[in-house]
Amino acid sequence: MRLKVLGSAAGGGFPQWNCGCVNCVRVRERNPSAESRTQTQVAITIGDGFWFLLNASPDLRQQILATPELAPIAGERGSPISGVVLTSADVDAVVGLLHLREFHPLRVYSTSGVRRILTETNSMFRALDRSNPPVQWCCLPLGKEVHLNGDSGLACTAVPLAGTYPDYVNEPLRGTLPPGEATIGLVVACHGKKVFFAPALPGETMTWKAQAATSDLALLDGTFWSNDELVAIRGGGKSAREMGHPPLSGGGGLLEELRWETRPRKVAIHINNTNPILDEDSAEHREMRDAGWEIARDGMEFVL
Ligand SMILES: [Zn+2]
């Protein structure tokens, strides 16, 4: 199994177009300690020429163009991308689907709640139906292994996480959606190797830790360093936890929660532009590395 990180930042990217925080300024000044990043996007293959995308970021077109493996065969129309697996209906996880609308047949895997948001009230996504055959929406039941594209060799299991549906979902629809399907983590497995992908980890219970502990590689929510990080910069608004992202530092933070784990290989992804770990000279960056964590960057690759 081969996994490529095409994008590693949280929504807004790094730098974010309207942000003048210390980190974003550092990137604009081309300071070598801060590397720009596109919004979180992962692609995965078992080496058979077909790729699956984990989520579909707003930067997807640029990310595909930057990845030679995802180019069509010269002289032909088509794409090695055969499917997309969604972890939520968050804007940053689904907008990229619209980049895939150029009459290319795909399978899109999600929970039924996420599929209903995209197909019942957001008619723009019907642009995907124009391909022949049309895009096929496939249901990911919670906790049950599903083989991607039938016999591709890749299997995927939706791990339920707490969390809420995005703010943009209208109230009448929200009231009919299964509450446990708003946000999931994904276990992607092939030939005895497992990857756990969870760019958001809402909820207090951390039952997902069992899934992470039995995986070889875990790409985990590295959005914020501290719980009040965004509040301090914006002067108000929601804390990290209220936004569905446990902070990396502090009591109950991910560093503390996973400190005893030697397995899996831990990589922080979906990193917000305000997060001090993005400054490679910072004490926070060093603390992550000392705790055994890697910090995702665009173009990073893993072979399992
Ligand atoms: Zn910023």
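The values are calculated or read from the model by the stated rules, or taken from the named source; none is laboratory data. Small disclaimer: the values here were computed from a predicted structure and weren't measured. FYI the Cβ positions are ideal-geometry reconstructions off the backbone, even for glycines, and counts take in every protein chain you see. Accessible surface areas use protein heavy atoms only, side chains included; no ligands, DNA or RNA. Shrake-Rupley method; radii C 1.70, N 1.55, O 1.52, S 1.80 Å.
Worth a mention:
- Residue-by-residue Karplus 3J(HN,Hα) for the range 111-125, coefficients 6.51, -1.76, 1.60, Hz, glycine and proline x: 5, 5, x, 5, 4, 5, 4, 6, 9, 8, 10, 10, 5, 4, 5
- S131-R259 pseudo-label distance in nm [points 7 Å out on the Cα-to-Cβ vector]: 4.6
- Of the trypsin sites (Lys or Arg not before Pro) in the range 118-180, the ones in a loop by DSSP (not H, G, I, E or B) with at most 13 other beta carbons within 10 Å are K144.
- Based on C-alpha pairs under 8 angstrom that are at least 6 apart in sequence, the range 67-109 has a relative contact order of 40 percent.
- Three-way shape label, the range 1-102, alpha-carbon gyration tensor, a/c 1.5: prolate
- For the range 8-22, 3J(HN,Hα) per residue [Karplus equation, 6.51 cos²θ - 1.76 cosθ + 1.60, θ = phi - 60°, Hz, x = Gly/Pro]: 9, 8, 6, x, x, x, 9, x, 8, 4, 10, 10, x, 5, 3
- Top positive-direction residue, dipole computed over the chain with Cβ charges, set L201, I271, S112: S112
- Share antiparallel - DSSP beta bridges, the chain, percent rounded to 5: 50
- Exposure ranking of E301, E181 by accessible area [1.4 Å probe, largest first]: E301, E181
- A cut-off of 5 Å between modelled amide H atoms, ignoring neighbours fewer than 5 places along the same chain, links L54 with V42, A43, I44, V85.
- Across the range 145-304, C-alpha contacts under 8 Å between residues 6 or more apart give a mean separation that, scaled by the residue count, equals a relative contact order of 17 percent.
- Per-residue SASA remark: E120, around 90 Å² accessible (1.4 Å probe; ligands, DNA and RNA not included).
- Translational diffusion of the chain, estimated by Stokes-Einstein from the Kirkwood radius over alpha carbon pairs at 4 °C in a medium of 1.567 mPa s, is 66 µm² per second.
- Mean separation of Cα contacts under 8 Å, 6 or more apart, over the residue count of the range 27-139: relative contact order %: 22
- Karplus (6.51, -1.76, 1.60) ³J(HN,Hα), θ = phi - 60°, over the range 264-276, in Hz, Gly and Pro reported as x: x, 5, 9, 10, 7, 9, 6, 8, 6, 4, 7, 6, x
- Helical contribution to [θ] at 222 nm, DSSP H n ≥ 4, -39,500 (n - 2.57), averaged over the chain, rounded to 500: -4000 deg cm²/dmol
- For I271, distant residues with modelled amide H under 5 Å away: A9, A10
- Placed amide H near R265: partners under 5 Å, 5+ positions off or other chain: L217, A218
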